[in-house]
Every structure is written in C-alpha cells, then in structure tokens.
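The values are calculated or read from the model by the stated rules, or taken from the named source; none is laboratory data. Computed from a prediction, not measured in an experiment: that's the story for all the values here. Cβ atoms come from the backbone with ideal geometry, glycine included; neighbour counts cover every protein chain shown. In case anyone asks, the SASA skips ligands and DNA or RNA and just uses the protein heavy atoms, side chains included. Shrake-Rupley method; radii C 1.70, N 1.55, O 1.52, S 1.80 Å.
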Amino acid sequence: MEFKLAWRNIFRNKRRSIITISSIIFAVIFSVTMRSLQNGAYDNMLKNIVGNYLGYIQIHYKGFWKEKTIDNSYYIKDLDSLNNDPTLAYINHRVEGFALASHEKESKPVVILGINQTAKSEQAQIKNSLIDGSFLYNESNGILIGKGLQKIMNITIGDSLIFLSQGFQGSIASGIYPVVGIVDLKTPDLNKRSVIMSLNNAQDFFGIYHMASSAIIGPKNEKWEKTEKSISNQLDSSKFEVMNWQQMLPELKQLIDVDRAGGTFVLIILYSILTFSLFGTVLMLAEERNFEFGVLVAIGMRKSIITRISLYETLIMSVAGVILGLICVIPVVTYFHFFPINLSGQMQEVVEQFGFEAIIPTSLDPWISLTQAIIVFTITLVVNLYTLIKIKNIQPTKAMRA
Amino acid sequence: MTYQSGDIKVQALQNIDLTINPGEFTAIVGPSGSGKTTLLNIIGGLDSPTKGSVKINDTYITQLHEDELIDFRLHNIGFIFQSYNLIPVLTAKENVEFLMLLQNREEEFRSERTLKLLKAVGLEDQIYKRPNEMSGGQQQRVAVARALASKPSFILADEPTANLDSKSSENLLNIMQKLNKNEKTTFIFSTHDQRVINKANRIVTIEDGKIISDTSQ
C-alpha cells in the first residue's frame with residue numbers, strides 16, 4: 001500500500017513530476033558528459049605523452065633529469081635485480097641524447113631515442129605510431145623519424161640523416177643512418193624533434209656500451225604508485241632517481257589539476273542549481289500536502305509510514321531520472337569516445353603549441369557515470385529531508401486548519 | 001484548554017465534564033467559536049488539554065506518547081471531517097480498506113468488510129471510483145465507511161453535513177442513524193444543522209467553552 005500510494009502520488013501532479021525528473025536527467029547528462037570529456041582529454045594527453053613516450057615511471061642515474069647529458073648514464077646490469085619485482089610488467093632501457101641532424105642543406109637539433117626494438121611493449125607503441133615505411137629490424141642501422149621532422153627536412157624513406165653530437169665523456173659522436181620509417185607520435189612537438197633508433201645503435205653512436213640513460217617501467221596494473229614505491233625501496237637512492245610522470249611533467253599535472261578544479265567548480269554550480277530547483281519542488285509539495293499529512297496522522301497513520309511513502313516517491317523519481325539520464329548520456333559519451341571532437345582553428349593551434357593532440361575524446365570510465373549518478377541521487381535525497389522534517393513536526397489540528 | 005491567538009491566550013474550553021456512553025448519538029451544538037471543534041479534537045486526541053484528562057474506555061489518552069496516541073486513534077476512533085478528506089489517489093474501496101491495512105488485517109477480512117460497509121452506505125456500485133469522480137455526498141459516505149472500517153469504539157464527526165446539500169445530508173444522517181441503531185456505533189458530532197440536531201438522541205450545548213445544557217431526546 002505504501003508503494004502504491006507513492007507511485008500514484010507521482011502521477012497526481014504529472015507536470016511537476018516531469019519537471020523534477022527532467023531536472024535530474026539534465027543534471028546527469030550534463031555532469032557525466034562534462035566529466036567524461038575532461039577525463040577523456042586527460043587520458044588522451046597521458047596516453048600520448050606518458051603512455052607512448054615517457055612511461056608512468058622512469059629510473060635514471062641520479063642527476064640525469066636535471067642535466068640530461070649522456071655522461072649521466074647507468075649500467076643496465078645494475079637494474080637486473082628489478083626483474084624479480086612482482087609489481088613490474090617490464091623494464092625497457094632507453095638511450096636519450098641530443099644531436100644535430102643534417103640532410104642536404106637542412107640542419108635541425110633532434111632528440112635521439114634508442115629503444116630496445118625487440119621488447120614487445122616498445123614494439124607495440126612504436127608500431128602503432130608507424131605511418132610510413134617499416135619498423136626497426138635487428139642488426140639494421142635504420143632509423144624512424146617523427147612526421148613533423150620529415151616535413152621540415154623534406155625527407156623520404158630511404159634518405160639518410162647525418163648526426164653530430166657529444167658522446168660519452170666528451171668524445172665526438174657522429175654517424176649516418178638511413179630513414180626506414182615515419183612515425184606519428186600524436187604530439188606535434190615530439191613529431192618535430194624525434195629520431196628513434198635501436199638501443200644498440202644509440203649505444204654505439206654515443207659510445208655508452210652496456211649503458212642506458214633511462215629505464216621505462218611498466219607497472220603490472222594501473223596503480224603505478226605501488227610499483228614506484230616498491231622500486232624506490234630496492235634501489236640505492238644515492239645512485240638512482242625514480243621519477244613518476246607527475247614529477248617528470250609537473251606542468252601537465254598542474255594543468256590537469258587546475259582544469260579538474262575548474263570542472264569541479266562548474267559542477268558545483270550545476271549541483272547548486274539542481275538542489276534549488278528540486279528544493280522548490282519539494283517545498284511546494286510539502287506545503288501542498290501539509291493538510292493531507294495532517295489528515296493521515298489524525299486517522300491513525302504513523303508519521304514513520306508517511307515518511308516512508310514520501311521517501312519512496314523521491315526514490316522512484318530520482319532513480320527514474322538517473323536511469324533515464326544515463327540512458328541518454330551513455331550513447332553520446334560512447335560516440336565521442338570513438339569519434340572524438342576535433343579541435344580546429346585557433347583552438348587547435350593553442351593545444352598543439354602545448355604539445356598535445358588537438359582532439360577531445362570522451363572517457364568511457366564507468367566510475368564517472370556511477371559517481372555523477374550517485375551525487376545527483378544523493379542531492380535528491382538530501383533535498384527531500386525537508387519533507388521528512390515537515391512530517392516529523394506535523395500537528396494534525398494545525399495542519400488541517402491551514 | 002487554552003490556545004494562543006496572536007499575543008492573546010484564549011481559553012477555548014473550561015470546566016468541561018462530559019461522559020459519553022456507548023451507543024449514544026450525541027450532537028455537540030453551539031455557535032461558531034463556542035469550542036465544539038476544540039472539544040471534538042480533545043476527545044479524539046488531536047489536541048491536548050492544558051489541564052484535565054480524557055479517558056476512553058480504560059485509557060487516559062492524555063497520557064499517551066505520540067505514536068501510542070496515533071495507534072490508539074487507529075484502533076478506537078473513527079473520524080468524519082467536514083471536507084471529507086479522502087486520500088485523492090485511492091479509490092473508494094482503497095480508501096475504506098486503508099485503515100484496515102494499517103491495522104494489519106487479513107486481506108479476506110478487509111475485502112469483505114470494505115464491500116459490506118460500502119454497501120451499507122449505498123456505494124457498492126462506486127467502489128473503483130476515486131474521490132474526484134464522486135459527488136460531495138458520495139465522498140462523505142465513503143468517509144463514513146472509512147471511519148467505521150477500523151471497528152472503532154466511537155466516531156467523531158465535525159460538521160459532517162456542512163458541505164452537503166439537503167438531500168445528501170438527509171441521506172447521510174439516515175445512514176449514520178442506521179449504523180448507530182444496527183451496529184451500536186457511538187457517534188459524537190458537532191453541528192449547526194437543525195436537521196442533524198433533530199436526529200440526535202443527546203444534545204450537548206456549548207457556549208464560550210462551557211457546557212450550558214446537556215439534554216436527551
């Protein structure tokens with residue numbers, strides 16, 4: 001009977017119920033879309049810069065990050081003990097150094113990245129980025145270059161680049177390498193300055209045999225913090241530095257934090273609007289029903305039962321609003337995940353200047369929908385507290401006189 | 001019994017000493033503002049007296065806590081209001097059945113009694129209608145059936161015919177009188193209506209919060 005009463009009460013004033021449910025639907029759609037776009041943009045940034053290039057955790061010889069010279073390299077065997085760490089999925093050693101690249105009349109400073117081309121994780125990342133030519137084969141001295149660099153220096157597959165740099169302990173490093181492939185590293189800045197070669201070739205070029213400048217750590221799961229802690233505990237901190245992506249890219253972390261705070265502020269405004277709009281409805285409803293509540297108490301209905309009926313009403317409307325909101329928003333979010341919003345014009349330029357890809361995909365993280373749905377649902381319940389207080393304080397004769 | 005009207009404390013009832021016996025059909029009469037409704041509210045436990053007590057059967061209802069008092073009303077007192085006050089979203093049948101549900105009565109008992117009562121008030125063909133689909137007289141008859149549904153010790157009716165036309169009033173009074181005679185249901189009602197007063201077998205007259213006469217006819 002309680003549920004039946006609640007259900008019928010919803011249809012008693014259809015227009016008001018529709019307005020209430022609509023405001024919940026709107027709040028869910030707006031908050032989920034906004035958060036999905038934000039998180040999707042962050043995920044994309046992280047995937048492009050951190051996932052594809054930098055790694056979530058890196059180990060360097062102490063001081064390398066501040067002074068990126070080839071002299072600050074470490075012996076690979078010094079990190080062999082980490083292979084037994086259960087929190088680690090892989091370790092990829094890399095050589096990273098600067099050089100001057102020349103092709104015909106063009107010269108340009110570039111970053112040479114020596115990777116272990118046989119490692120599956122490196123292969124997966126670089127092969128995914130390959131847009132022309134072929135990947136690095138064993139024993140080959142071929143190189144891959146970013147598509148931006150290819151354009152600037154007007155290079156075609158099969159052309160060679162000459163590199164000149166400072167090698168280990170002041171030696172001169174030089175070499176000529178054929179371009180075997182073009183990669184799109186999804187970040188304009190990286191595309192304009194990246195040269196990728198095999199680890200062996202990079203070690204040869206810089207004269208750092210059996211050494212590397214950075215170790216990219218692949219955590220076993222998304223909780224890279226645990227892996228970072230485990231590695232830090234095992235390594236001699238006077239010899240090695242363990243850095244996470246937030247330390248390596250503080251600007252990116254700050255950008256995400258500031259943007260997230262801005263988003264949270266907008267959401268708070270949205271939640272406030274929703275709260276006041278719902279409160280208006282609840283206030284009207286409680287005042288209108290005051291007389292009826294008085295009658296019910298008078299004829300013998302306990303206030304706790306009236307409270308339950310009122311709660312059921314709110315629950316039905318908020319659950320309906322939240323579910324309908326999610327039904328509306330999930331296809332939209334899914335669509336923009338697979339077909340991201342492409343930024344154009346000035347916006348595209350600004351984003352690319354920061355080194356990011358000018359697209360905004362949405363995030364499909366179910367936690368976003370769940371969190372926003374729970375928040376909106378909670379607001380609805382909290383707002384309904386007014387009715388509960390009103391019922392608790394009801395005096396039948398006063399209510400029936402009003 | 002006093003109440004606050006603005007800054008002034010008004011004594012609504014004073015020195016009331018009234019005993020209602022089972023099976024009586026009692027009218028509380030008096031001019032507007034004389035204290036009729038206040039007296040009914042106090043008897044029904046809807047208001048508490050500032051002084052004195054109300055004893056129903058063997059229970060001093062003035063000493064009961066809120067929930068105990070609500071439960072007491074549910075099991076012992078039936079209410080008929082001037083403006084019917086049916087639950088708008090329930091049908092006539094559901095409105096009558098409602099109090100029995102609160103009393104946790106068996107479904108079979110509820111259905112049987114609901115139909116019996118609706119038949120007694122002449123509404124057996126209106127059971128699936130909601131209040132807004134019925135006339136005032138019909139709604140008040142549903143209210144009478146609802147008041148009787150919980151098998152109360154007595155029924156309090158505050159100006160039950162005030163919103164009804166003469167035909168509906170007559171009809172309602174006949175039903176109430178029949179129930180009083182056949183089922184020995186005690187009725188206490190406040191009224192201005194001379195036709196209602198004429199039907200009562202006891203008339204209690206109140207003026208300025210005091211009983212000025214108490215006669216049987």
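Tally Lys and Arg at +1 and Asp and Glu at -1 over the other residues with C-beta under 15 Å from the C-beta of B:P31: what net charge comes out? Once all neighbours under 15 Å are counted, the net charge is -2. Over the range B:171-217, accessible surface divided per residue gives 49 Å², non-protein components excluded, 1.4 Å probe. Against chain B, whose longest principal axis comes from its Cα atoms, helix B:92-102 is set at around 60 degrees. Per residue, the convex hull spanned by the Cα atoms of the range A:63-236 amounts to 121 cubic angstrom.
The spacing between the range B:31-108 and the range A:98-163, judged by their C-alpha centroids, is 89 Å. In the range B:88-135, burial by the other protein chains removes 10 Å² or more of 1.4 Å probe accessible surface, compared with the chain on its own, from B:P88, B:V89, B:L90, B:E94, B:F98, B:L99, B:L101, B:L102, B:R130. Residue separation of A:D71 and A:S140 scaled by 0.36 nm, minus their Cα-Cα distance, works out to 22.3 nm of gained length.
Summarising the overall dimensions of the protein assembly as shown from its C-alpha atoms, the Rg and Dmax are 41.6, 129 angstrom. Past the 21 angstrom mark, what percentage of all C-alpha to C-alpha distances in the range B:40-118 do you count? That tail contains 40 percent of the Cα-Cα pairs. With the simple model of a label 7 Å out from the Cα in the direction of the Cβ, A:F276 to A:S237 spans 5.1 nm. Given R0 = 25 Å, the distance between the Cβ atoms of B:T50 and B:L18 translates into a calculated FRET efficiency of 0.90.
Each 5 Å bin, from zero up to the one with the longest distance, holds this percent of the alpha carbon pairs of the range A:206-255: 4, 15, 22, 23, 19, 11, 5, 1.
Note on A:E287 and A:D132: their simple-model spin labels are 7.2 nm apart, each label 7 Å out from Cα toward Cβ.
Near B:I155, the amide H atoms lying under 5 Å from its own belong to B:G78, B:T186, B:F187, B:I188; only residues 5 or more places off or on other chains count, and H is placed 1.01 Å from N. Taking the longest Cα principal axis of chain A as reference, the axis of helix A:120-129 is set at about 80 degrees. Here B:S83 and B:S216 are evaluated by their C-beta separation; at R0 = 35 Å the FRET efficiency comes out at 0.70. Near B:F109: Cβ cut-off under 12 Å, other residues only, Lys/Arg at +1 and Asp/Glu at -1. The net charge is 0. Here is how the number arises for chain A: DSSP H runs of 4 or more residues each give -39500 (n - 2.57), the sum is divided by the residue count, and the result at 222 nm is -17500 deg cm²/dmol. Using a 1.4 Å probe over protein heavy atoms, the accessible area lost on pairing A with B, summed over both chains, comes to approximately 2100 Å².
For chain B, the share of accessible area belonging to carbon and sulfur comes to 43 percent (1.4 Å probe, ligands and nucleic acids excluded). The length gained on full extension between A:D80 and A:T156, counted as 0.36 nm times the residue separation minus their Cα-Cα distance, comes to 23.4 nm.
Among DSSP bridges having both ends in the protein assembly as shown, what percentage is antiparallel? Round to the nearest 5. Antiparallel bridges make up about 65 percent of those DSSP assigns within the protein assembly as shown. How far apart, in nm, are two points set 7 Å out from the Cα along the Cα-to-Cβ line at B:K178 and at A:T378? In this crude spin-label approximation the distance works out to 6.0 nm. Solvent exposure of the range A:189-307 amounts to 47 Å² per residue of accessible area, where only protein heavy atoms count and the probe is 1.4 Å.
Between A:V319 and A:I268, what FRET efficiency follows from the Cβ-Cβ distance if R0 is 25 Å, with the result rounded to 0.05? It comes to 0.60. Normalised by 2.2 N^0.38 Å, where N is the number of residues, the alpha-carbon radius of gyration of chain B equals 1.01. With K and R counted +1 and D and E -1, the other residues having a Cβ less than 12 Å from that of A:I59 yield a net charge of -2. Per-residue SASA remark: B:T205, around 30 Å² accessible (1.4 Å probe; ligands, DNA and RNA not included).
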